[in-house]
Structures are given as structure tokens and as C-alpha cells.
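J.: Can you read through this structure? Questions will come right after.
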Amino acid sequence: NDTPHSGLVAGPGDIFYGATFNSLYQFTTTDGAVKSLYSFNFASIYTAPVLDPNGNLYGTTFWGGANGYGTAFKYATNGTLTTMYAFSASSGAQPLGGLLQDAAGTLYGTAYGGGASQNGTVFRLNTNGVVTNIVTFNSENGAYPYAGLLFGSNGLLYTTANLGGGNGSGNGVVVRVATNGQNFTNLVTFYSTNGAYPVGGVISDSSGNLYGTTVHGGFYDYGTVFKLETNLALTTLAIFNNTNGASPYCTLVLDDTGYLWGTTMGGSSTALYGTIFRVPTNSAPNSLITPFAVFAATNGSVPVAGLTLGPDGALYGTTKYG
């Protein structure tokens, strides 16, 4: 089951890094070469690693480690891999969303399960391997975060939780919290009509507006692209109806012309192999967008992860199958 579920992270020059379920690899754009860097034993990696200024890679595994609940790891430039932390049911378990690193080298991430209520956590991981839970989800404030984190220009952390909110009756949330765990805020709760089950994270424009996707919800229940303004007004920019795509699991990417880019796992007018889409940030609400590109198995199938904007201005991504 060694297929790429994650997207890519841009390195220096023409180098990108990514992960399959059980390995780390390097991809070179000039010749299309893929080089395996490290192979795990039943790890299940769902998100691309983060690259530090020194060329080290940091990431998470969903399984494995001393407790069987996943790990946070460092892959050094000399080819050695170090387990920085082994997750447990009590501390936070089975991280899906990868890691985010600040200028001081401290890492932040989400755990899908575990914590005091077994509904997941947001955590801080120091370079010495000490983990501190910043947020413990309890269903009322959100539950089961798939996505990684975003640093806002205000220094606060933003992410989504796939379920919960609305005192437990919601279909997921967008949340904000300080790195010390203070000022936790549910910014929006989804209730199907405005979207449901946000698996991808959020991104921000220069004005501080947030953008993201939901896997379900919207008029046709095949998912949405949303905008959350700084005044917390929520707009559904685009909806999917299966013909134009279905089930966007991705975190979006914003280009310098004002277009949001992403992928859907399924749908299209010709097959159900997935699409690439783009949506202007000033889109009319509830737009039924036309796919920018369609997958047909021979050119790939089921793009789970989002796209990465390369230094050459092109977009790069992966498909799970095909």
C-alpha cells in the first residue's frame, strides 16, 4: 500500500520532497527522477514533510512508534532518521496533518485522536522532544482534526477539525489559538448547508481572509470551497455536484493572480477519477465551477493532496492511484 497520499514540498532549485504511505522520496523536476530517501515499516504517512533551512525534513506517521499511535520524526541531511516523539492514547494519537515549524525551530501539529477526550489535539513539539498539548478537542469545540496548521500574520495558529462544534452537533469547525494555548476560538461551525467535514486546512491571503474546502455539504453535498473573512463572514465560493468534481480533501494554494487551486478526489463529467480546479477569490457565491483538468486513470487517479506552487510558477501534485 505504498502509494502517495501526501503532496509535495518545494526544496532548493528543481528539487521537491514528498511521502508515500511508507517512505520519503525526492523528486527532481528537470528529469522526472524519483529517489527513495527512507523506507518505514508500516508507517502510514498522510502529509508531506516540512523542510527546514538546513535541509532536514520533519514529519509524522499515523502508526508505529513505541506506543503504536504514531510518531514525529526528523530525517537529517546525512540520511539518518530520528524519532522525536512517540504518541500515545493519552497525549494525542495518530497524527494526520504533518508539522509546521516556526523561526526558532519549534514544531506544531495536530493529532487525529487521543487527548483527554479522545477527540484529538493541537500540540507543540520542542526540539528536545517534549510535547505540550495546546488544545484538547472534546466534540463541543471540534473533533478529529485531519489538517495541519497555518501561522497567521498575527502569529496565531489556524486549523480545521473534521467533526464537532456547535456543542457537538456540528459537522466540523475552523479554529484559532495562540501558540501558548490561550484565546482558543471557534471561528465557524459547519452545518451541511454551508459545508461539512473540512479535511483540508486553511490558507490566508494578504488581508487575513481564510480559504478552505469541505468534503461534503453545500447544495449538492459533494463539497465546497469557502472563504472566511476577518469579520467572520462565511461565503461558499464554489460547490461541487459530482459532474464538476466531488470531495475535495485538499488544502488550497493561492497564486499571485488571485486564483485558489485545489483537487477533488472524485467526479468529472467523463469519469470519477478526480479533478484539478481553480476558483477566483472574488467568485460569485455557490459557483458551479468548470474543472481546470480531469484525471482519467492513464494520467493519474484520485488526487488526495492539494497542489504545490513551485519556484518556476508551475503547480505540482500527486495522485494516489493511476
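Condition check ((1) out of contact with any Leu (no Cβ under 8 Å at 6 or more places or on another chain); (2) of a type outside the set (S, T, N, Q)) across all residues:
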| position | (1), (2) |
| --- | --- |
| ASN183 | no, no |
| VAL188 | no, yes |
| GLY201 | no, yes |
| ASP205 | no, yes |
| HIS216 | yes, yes |
| LEU254 | no, yes |
| THR264 | yes, no |
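J.: Also, I was wondering about something else. Is it fair to say VAL253 is on the phi > 0 side of the Ramachandran plot, of a type outside the set (Lys, Arg) and under 17 Å from the mean Cα position of the chain (by Cα)?
T.: Details: on the phi > 0 side of the Ramachandran plot: no; of a type outside the set (Lys, Arg): yes; under 17 Å from the mean Cα position of the chain (by Cα): yes.
No, not satisfied.
J.: What number goes with the only condition from (1) assigned to a loop (DSSP other than H, G, I, E, B); (2) closer than 24 Å to ASP205 by Cβ that ARG278 does not pass?
T.: With (1) assigned to a loop (DSSP other than H, G, I, E, B); (2) closer than 24 Å to ASP205 by Cβ applied to ARG278, the lone miss is (1).
J.: Residue by residue through the stretch 84-119, note down the ones that are outside any loop (DSSP other than H, G, I, E, B), open to solvent by less than 40 Å² (accessible area, probe 1.4 Å) and among the hydroxyl-bearing types (Ser, Thr, Tyr).
T.: Passing the criteria: SER88, TYR108, THR110.
J.: State all residues of the stretch 22-81 that are on the phi > 0 side of the Ramachandran plot and either touching a Leu at 6+ places or on another chain (Cβ under 8 Å) or among the acidic types (Asp, Glu) (or both); if no residue qualifies, say none.
T.: Within the stretch 22-81, just GLY79 meets the criteria.
J.: For the stretch 38-52, how many residues meet the condition of being surrounded by 14 or more Cβ atoms within 10 Å (Cβ to Cβ) and over 14 Å from TYR17 (Cβ atoms)? Walk me through how you get there before you give the answer.
T.: The initial filter retains those residues of the stretch 38-52 that are surrounded by 14 or more Cβ atoms within 10 Å (Cβ to Cβ), namely 38, 40, 43-52.
Okay, now just the ones that are also over 14 Å from TYR17 (Cβ atoms), so 40, 43-44, 46.
Result for the stretch 38-52: 4.
J.: Answer yes or no: is there a residue in the stretch 117-128 that is within 19 Å of LEU157 (Cβ to Cβ) and aliphatic (A, V, I, L, M).
T.: Initially, the stretch 117-128 is screened for residues within 19 Å of LEU157 (Cβ to Cβ), giving 119-127.
Imposing the further condition that a residue be aliphatic (A, V, I, L, M) reduces the set to 122, 125.
Looking through the stretch 117-128, at least one residue is within 19 Å of LEU157 (Cβ to Cβ) and aliphatic (A, V, I, L, M).
J.: Residues GLY11, GLY65, GLY18, GLY55: which one is under 19 Å from LEU107 (Cα atoms), among the small types (Gly, Ala, Ser) and buried (at least 23 other Cβ atoms within 10 Å of the Cβ)? Give the derivation first.
T.: Values: GLY11 fails: buried (at least 23 other Cβ atoms within 10 Å of the Cβ); GLY65 fails: buried (at least 23 other Cβ atoms within 10 Å of the Cβ); GLY55 fails: buried (at least 23 other Cβ atoms within 10 Å of the Cβ).
On inspection, the qualifying residue turns out to be GLY18.
J.: Mind listing whichever residues of the stretch 151-169 are open to solvent by less than 30 Å² (accessible area, probe 1.4 Å) and assigned to a strand (DSSP E or B)? Reasoning before the result, please.
T.: Filtering the stretch 151-169 down to residues open to solvent by less than 30 Å² (accessible area, probe 1.4 Å) leaves 152, 157-162, 164-166.
Correct list: LEU157, TYR158, THR159, THR160, ALA161, GLY164.
J.: Can you pull out every residue in the stretch 281-298 that is in contact (Cβ under 8 Å) with a residue 40 or more places away in the chain and within 21 Å of GLY266 (Cα to Cα)?
T.: ASN286, SER287, LEU288, ILE289, THR290, PRO291
J.: Can you tell me which residue among THR193, THR235 is farther than 25 Å from THR308 by Cβ and open to solvent by 50 Å² or more (accessible area, probe 1.4 Å)? Even if it seems obvious, please write down each step before you answer.
T.: On the way: THR235 fails: open to solvent by 50 Å² or more (accessible area, probe 1.4 Å).
Of the residues listed, the single one that is farther than 25 Å from THR308 by Cβ and open to solvent by 50 Å² or more (accessible area, probe 1.4 Å) is THR193.
J.: Just to be sure, is PRO311 modelled with pLDDT under 95, open to solvent by 20 Å² or more (accessible area, probe 1.4 Å) and touching a strand residue (DSSP E or B) at 6+ places or on another chain (Cβ under 7 Å)? Break it down stepwise before answering.
T.: Working: modelled with pLDDT under 95: yes; open to solvent by 20 Å² or more (accessible area, probe 1.4 Å): yes; touching a strand residue (DSSP E or B) at 6+ places or on another chain (Cβ under 7 Å): yes.
In short, yes.
J.: Which residues, counting only those in the stretch 127-142, are assigned to a loop (DSSP other than H, G, I, E, B), polar (S, T, N, Q) and at pLDDT 95 or above?
T.: In the first step, residues of the stretch 127-142 are kept if they are assigned to a loop (DSSP other than H, G, I, E, B); the result is 127-130, 137-142.
Adding the requirement that they be polar (S, T, N, Q) leaves 127-128, 138-139, 141.
Within the stretch 127-142, ASN138, SER139, ASN141 meet the criteria.
J.: From the set of residues in the stretch 242-263 that are farther than 13 Å from GLY212 by Cα and in contact with a Phe, Trp or Tyr (Cβ under 7 Å, 6 or more places away or on another chain), which is surrounded by the most Cβ atoms within 10 Å (Cβ to Cβ)?
T.: GLY245
J.: Please give the number of the condition ARG176 fails out of (1) more than 14 Å from LEU234 (Cα to Cα); (2) part of a strand (DSSP E or B); (3) open to solvent by less than 60 Å² (accessible area, probe 1.4 Å).
T.: (3)
J.: Let me ask you something else. Is it true that some residue in the stretch 68-76 is within 26 Å of TYR158 (Cβ to Cβ), in a loop (DSSP other than H, G, I, E, B) and among the aromatic types (Phe, Trp, Tyr)? Break it down stepwise before answering.
T.: Residues of the stretch 68-76 that are within 26 Å of TYR158 (Cβ to Cβ), as a first pass: 69-74.
Next, only the ones that are in a loop (DSSP other than H, G, I, E, B) stay: 70.
Now restrict to residues that are among the aromatic types (Phe, Trp, Tyr): none.
No - not one qualifying residue is present in the stretch 68-76.
J.: Filter the stretch 281-308 down to the residues that are part of a loop (DSSP other than H, G, I, E, B) and within 22 Å of ALA147 (Cα to Cα), then identify the one that is farthest from the chain's Cα centre (by Cα). Full working, then the answer.
T.: Residues of the stretch 281-308 that are part of a loop (DSSP other than H, G, I, E, B), as a first pass: 281-286, 288-292, 295-296, 298-299, 302-307.
With within 22 Å of ALA147 (Cα to Cα) added as a condition, the list becomes 281, 302-307.
Values: THR281: 19, VAL302: 16, PRO303: 13, VAL304: 10, ALA305: 7, GLY306: 8, LEU307: 11 Å.
Residue satisfying both the conditions and the ranking: THR281.
J.: Do we have THR193 as modelled with pLDDT of 95 or more and among the β-branched types (Val, Ile, Thr) here?
T.: When the stated conditions are applied, THR193 does not pass them.
The values are calculated or read from the model by the stated rules, or taken from the named source; none is laboratory data. These numbers come from a predicted model, not from an experiment. Cβ coordinates were reconstructed from backbone atoms using ideal geometry, including for glycine residues, and neighbour counts include every protein chain displayed. Heavy atoms of the whole protein, side chains included, go into the accessibility calculation; ligands, DNA and RNA do not. Shrake-Rupley method; radii C 1.70, N 1.55, O 1.52, S 1.80 Å.
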